[in-house]
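The values are calculated or read from the model by the stated rules, or taken from the named source; none is laboratory data. Given the structure is predicted, the values throughout are model-derived calculations rather than measurements. Quick reminder, even Gly has a Cβ in these numbers, built from the backbone with ideal geometry, and neighbours come from all protein chains shown.
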Amino acid sequence: MNTFLFFVLVALTTVMLVYLYRVVRGPTAFDRVLGLNGISTKAIILIVLLGTIFGRVDMFVDISTGYAILNLVGALAITKFLEERGERE
Amino acid sequence: MVGLGTVLILIGLFFLVVGSIGMLRLPDVFARTHALSLTDSLGALFTLVGLALYEGFNTNLLKILVVLGLIYLLNPVIAHATIRAAYRSGLRPGSGENA
Amino acid sequence: MRFVTAAVLFALWLSLSATLSPAHVAVGAIIAGLVAWVNPVLPHKRRLSWLAALAYGPWLFGRILKSGVHVSRLILHPSLPISPRLVSHRTRLTSDGELVVLGNSITLTPGTITVEVAPGQLVVHAIDEESTEDLVGGALEGKVADMFRSETSDS
């Protein structure tokens with residue numbers, strides 16, 4: 001495996017861990033939604049990166065397209081719900 | 001082409017790491033959104049274009065540009081929806097909502 | 001207008017299928033034409049100026065790069081010199097398309113984010129004073145207004 005791409009893979013996963021800390025710790029519910037959104041953006045990049053490593057970018061890019069669209073639907077549903085309910089821990 | 005791709009990926013990684021540091025350091029949910037928009041618009045752009053160039057010019061470049069366009073269209077919508085929900089449920093910036 | 005829709009859909013099909021075999025291209029053309037034919041054309045009061053739209057992309061990217069470096073410096077600075085504020089901004093743009101492009105551009109630029117949108121009125125959260133100068137100075141608004149000319153004066 002290409003050493004540079006492996007380094008990028010590890011760095012991306014570490015960045016995602018930081019966002020996971022914000023999801024677990026976050027004082028309000030909106031911090032958690034924000035952290036989840038950040039994680040899914042990194043996951044889109046990660047999927048394209050995995051495609052580059054395995055040499056099948058054409059297949060993995062389709063997966064990340066679907067991931068981006070589903071991420072929008074999920075995030076909009078959660079924020080709509082939180083907006084109706086109000087902030088309560 | 002590989003060299004240019006490597007440089008672009010490293011620039012993108014820098015913005016991604018800065019965004020995650022901002023996610024940890026900034027005081028409230030409104031300010032943290034700025035860190036997220038930094039990683040979304042600049043980090044994703046440089047990393048994805050770098051990955052596309054790393055492969056060399058072929059049809060994959062077009063497909064990665066489609067994903068990039070989707071990120072640029074959809075992520076501001078999510079950030080705006082989150083921040084509007086926070087604003088409407090009564091949070092205000094700098095009202096002692098600390099980490 | 002329907003032709004433009006069909007052309008955009010066909011381009012998206014080509015870039016996602018990534019082959020030029022006759023069967024794929026034919027199926028894509030048929031489906032793109034069918035979708036554009038079935039869906040009704042939305043009523044347009046404004047006309048998009050393609051030249052201004054093409055110039056807008058690189059301009060916005062330059063802005064994003066500049067404010068991205070600025071926000072990175074703020075975050076990495078040891079004493080975290082931010083001064084968050086809510087800015088209420090009155091704008092002369094009222095139609096839906098203009099507001100979508102303006103709000104999306106504001107959110108995409110690091111340092112400013114759209115909180116509330118109403119026709120003629122925006123509430124923007126900014127991370128410090130320097131980030132708001134583009135919006136308050138009216139540069140962004142002028143570019144978006146150039147892109148959407150009203151149909152009566154244009155055609």
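When you scan the stretch B:48-65, do you find a residue that is within 21 Å of A:I44 (Cβ to Cβ), crowded, with 24+ Cβ neighbours inside 10 Å and among the polar types (S, T, N, Q), even just one? Looking for residues that are within 21 Å of A:I44 (Cβ to Cβ), crowded, with 24+ Cβ neighbours inside 10 Å and among the polar types (S, T, N, Q), one finds none in the stretch B:48-65, hence no.
Can you go through C:E129, C:E116 and tell me which one is within 24 Å of B:L91 (Cβ to Cβ), of a type in the set (D, E) and within 10 Å of another protein chain (Cβ to nearest Cβ)?
Details: C:E129 fails: within 10 Å of another protein chain (Cβ to nearest Cβ).
It is C:E116.
Within the stretch C:12-32, residues that are at pLDDT below 85 sit with their Cβ atoms under 6 Å from residues that are acidic (D, E) and surrounded by 14 or more Cβ atoms within 10 Å (Cβ to Cβ), at 6+ positions apart or across chains, in these pairs: C:A18/A:D58.
Scanning the stretch C:126-138 for residues that are buried (at least 19 other Cβ atoms within 10 Å of the Cβ) and either of a type in the set (A, V, I, L, M) or farther than 17 Å from C:G68 by Cβ (or both) turns up C:A126, C:I127, C:L135.
Within the stretch A:27-51, track down each residue that is facing another protein chain (nearest Cβ under 8 Å) and either within 17 Å of A:I69 (Cα to Cα) or part of a loop (DSSP other than H, G, I, E, B) (or both).
If we filter the stretch A:27-51 for residues that are facing another protein chain (nearest Cβ under 8 Å), which is where we start, we get A:27-28, A:30-31, A:33-35, A:37-38, A:41-42, A:44-45, A:48-49.
Answer for the stretch A:27-51, where residues must be facing another protein chain (nearest Cβ under 8 Å) and either within 17 Å of A:I69 (Cα to Cα) or part of a loop (DSSP other than H, G, I, E, B) (or both): A:P27, A:T28, A:V33, A:L34, A:N37, A:G38, A:T41, A:K42, A:I44, A:I45, A:V48.
Within the stretch C:77-95, the residues that satisfy the criterion of being assigned to a loop (DSSP other than H, G, I, E, B) and within 17 Å of C:V144 (Cβ to Cβ) are C:T91, C:R92, C:L93, C:T94, C:S95. Residues of the stretch A:72-84 include at least one that is of a type in the set (S, T, Y) and either crowded, with 16+ Cβ neighbours inside 10 Å or not in a helix (DSSP H, G or I) (or both).
For the stretch B:31-80, a residue qualifies if it is more than 7 Å from every other protein chain (Cβ to nearest Cβ) and touching a residue at least 40 places away in the same chain (Cβ under 8 Å), and the qualifying residues are B:V49, B:G50, B:A52, B:L53, B:G56, B:F57.
Give the number of residues within the stretch B:85-99 that are surrounded by fewer than 19 Cβ atoms within 10 Å (Cβ to Cβ) and either at pLDDT 90 or above or facing chain C (nearest Cβ under 10 Å) (or both). Outline the logic, then answer.
Step one: list which residues in the stretch B:85-99 are surrounded by fewer than 19 Cβ atoms within 10 Å (Cβ to Cβ), which gives B:88-92, B:94-99.
Pick out the ones that are also either at pLDDT 90 or above or facing chain C (nearest Cβ under 10 Å) (or both) and you get B:88, B:92, B:94.
The total comes to 3.
Scanning the stretch A:53-66 for residues that are more than 15 Å from B:L65 (Cα to Cα) and in a helix (DSSP H, G or I), which turns out farthest from the other protein chains (Cβ to nearest Cβ)? Give the steps one after another, and end with the answer.
Filtering the stretch A:53-66 for residues more than 15 Å from B:L65 (Cα to Cα) gives A:53-56.
The next check asks that each one be in a helix (DSSP H, G or I); those that pass are A:53-54.
Numbers: A:I53: 10, A:F54: 12 Å.
Here the answer is A:F54.
Residues satisfying the criterion are absent from the stretch C:86-106 (criterion: within 8 Å of chain B (Cβ to nearest Cβ), over 20 Å from B:I71 (Cα atoms) and out of contact with any Phe, Trp or Tyr (no Cβ under 9 Å at 6 or more places or on another chain)). Taking every residue in the stretch C:81-105 that is farther than 20 Å from C:P58 by Cα and pairing it with any residue that is basic (K, R), at least 6 positions away or on another chain, the pairs with Cβ-Cβ distances below 8 Å are C:L86/B:R92; C:S95/C:K45; C:S95/C:R46.
For the stretch B:16-29: of the residues being more than 9 Å from chain A (Cβ to nearest Cβ) and either part of a helix (DSSP H, G or I) or of a type in the set (S, T, Y) (or both), which is nearest to A:S64 (Cα to Cα)? Outline the logic, then answer.
Start the filter on the stretch B:16-29 by keeping residues that are more than 9 Å from chain A (Cβ to nearest Cβ), which leaves B:18, B:22, B:25-27.
Adding the requirement that they be either part of a helix (DSSP H, G or I) or of a type in the set (S, T, Y) (or both) leaves B:18, B:22, B:25.
Details: B:V18: 24, B:G22: 25, B:R25: 29 Å.
Per the stated criteria, the residue is B:V18.
Take A:A75 and decide whether it is of a type in the set (G, A, S) and in contact (Cβ under 8 Å) with a residue 60 or more places away in the chain. Working first, answer last.
Values: of a type in the set (G, A, S): yes; in contact (Cβ under 8 Å) with a residue 60 or more places away in the chain: no.
In short, no.
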